[in-house]
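The values are calculated or read from the model by the stated rules, or taken from the named source; none is laboratory data. What you see is a predicted model, and the numbers here were worked out from it, not measured in a lab. When we count neighbours, we look across all protein chains shown, and the Cβ atoms used for this are built from the backbone with ideal geometry, even at glycine. Just so you know, the surface numbers come from the protein's heavy atoms only, side chains and all, with ligands and any DNA or RNA stripped out. Shrake-Rupley method; radii C 1.70, N 1.55, O 1.52, S 1.80 Å.
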Amino acid sequence: MPELPEVETTRAGIEPHIIGHQIKAFHVRQPQLRWPIPTELATLLTGNRVQAVRRRAKYLLIDIAAGKSEDLLGTLIIHLGMSGSLRVINAKPYPDPKKHEHFDIEFDDCLVRFNDPRRFGACLWQAADEVDSRLQHLGPEPLSDTFNGDYIFAKSRGRSSAIKTFIMDQRIVVGVGNIYASESLFLAGINPKKAAGKVSKKKYQELVSAIKIVLDNAIAQGGTTLRDFTSSDGKAGYFAQELRVYGREGLGCIQCQQPIKQIVQGQRSTFYCTKCQR
DNA sequence: CACTAATCCTGGACGC
DNA sequence: TGCGTCCAGGATTAGT
């Protein structure tokens, strides 16, 4: 499932192919994603240019300038959900879309094609003078300096929810998904069930470092794996993780051999070592 | 406001 | 082999 590193890798992968380029057409085959694709999108995009390819949390933001100007018209918001991916197709004629390939953004010399079997993804439009409600209350980027021990310690005071649930709350910090939440807590040696309000400042500093390390490593790995971005298949955006606890239920902890435990928190699986994480 | 549960969807794993 | 069942997960929304 695409987490922040996959989205960042996708962003970096498509950017050089589309920045500054004019959109020739926008084709929708399945508008029913998490939210319906706005029907006016083709009209809004056609004939206009890609000004920037950005990322906020796990949202891919494609700024669109009107015609040949630099005037921002609005932003195409794409979310990969849990099974989505984008790929750039250069070879002409463009291959016929397969099942689950729900929309294409067509340029003069390439096609950006969206694939999403589970349709948890989204494709939305944000006009230049508005901020989409989904982007309004997001917490800081995990890799920014704003996300530090002092910040999250202050946010956590008085909170009774489990630390694992807490760091997955997008209002606290964005981009920490289920897999990396377990991995980060293991690296920091924190029990995922511990109340967020009872974790010390020192432990929060370790947790922040752990989150940054885990995400940085994954991005670095993704960059390598997806170097050949344009020819990648529908699995673009996924890459092998070095997972220390996630999915390793019953297997020995890499530090102490204690079997890794699996529990459910907030309807999500959590994996941790009962000895190393307290 | 804080927190929990339901919800969208389909491929893949598994049991019979 | 095939069918049914269950599970995975991001993040919003509804409900307590």
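Observations on the structure shown:
- Among the residues making up the range A:189-208, those that are in a helix (DSSP H, G or I) and either buried (at least 22 other Cβ atoms within 10 Å of the Cβ) or outside the structural domain of A:Lys261 (by TED's automatic domain parsing) (or both) are A:Ala196, A:Tyr204, A:Leu207, A:Val208.
- When A:Leu61 is tested against the conditions (1) hydrophobic (A, V, I, L, M, F, W, C); (2) open to solvent by 20 Å² or more (accessible area, probe 1.4 Å); (3) away from DNA strand B (no atom under 16 Å from the Cβ), the lone failure is (2).
- Of the residues making up the range A:76-106, those that are more than 12 Å from DNA strand B (Cβ to nearest atom) and open to solvent by 60 Å² or more (accessible area, probe 1.4 Å) are A:Asn90, A:Ala91, A:Lys92, A:Pro93, A:Asp96.
- Restricting the range A:253-278 to residues that are within 14 Å of DNA strand B (Cβ to nearest atom) and assigned to a loop (DSSP other than H, G, I, E, B) leaves a set whose member that is least open to solvent (accessible area, probe 1.4 Å) is A:Gly266.
- In the range A:239-252, of all residues being under 30 Å from A:Thr9 (Cα atoms) and out of contact with any Ser or Thr (no Cβ under 9 Å at 6 or more places or on another chain), the one that is farthest from DNA strand B (Cβ to nearest atom) corresponds to A:Glu242.
- Test: residue in the range A:184-204 that is aromatic (Phe, Trp, Tyr), at pLDDT below 90 and within 30 Å of A:Ser85 (Cβ to Cβ): no
- Test: residue in the range A:14-27 that is more than 16 Å from DNA strand C (Cβ to nearest atom), within 18 Å of the chain's Cα centre (by Cα), within 23 Å of A:Gln221 (Cβ to Cβ) and not basic (Lys, Arg): yes
- Residue in the range A:216-227 that is in a loop (DSSP other than H, G, I, E, B), away from DNA strand B (no atom under 16 Å from the Cβ), open to solvent by 20 Å² or more (accessible area, probe 1.4 Å) and touching a strand residue (DSSP E or B) at 6+ places or on another chain (Cβ under 9 Å) present: no
- For the range A:158-179, a residue qualifies if it is more than 8 Å from DNA strand B (Cβ to nearest atom), open to solvent by 10 Å² or more (accessible area, probe 1.4 Å) and part of a helix (DSSP H, G or I), and the qualifying residues are A:Asn178, A:Ile179.
- Residues being closer than 21 Å to A:Pro2 by Cβ, open to solvent by less than 30 Å² (accessible area, probe 1.4 Å) and away from DNA strand B (no atom under 16 Å from the Cβ) are entirely absent from the range A:148-155.
- Counting the residues of the range A:137-172 that are under 19 Å from A:Glu8 (Cα atoms) and in contact with a Leu (Cβ under 9 Å, 6 or more places away or on another chain) gives 4.
- Qualifying residue in the range A:120-133 (condition: out of contact with any Gly (no Cβ under 9 Å at 6 or more places or on another chain), under 29 Å from A:Ala66 (Cα atoms) and open to solvent by 30 Å² or more (accessible area, probe 1.4 Å)): yes
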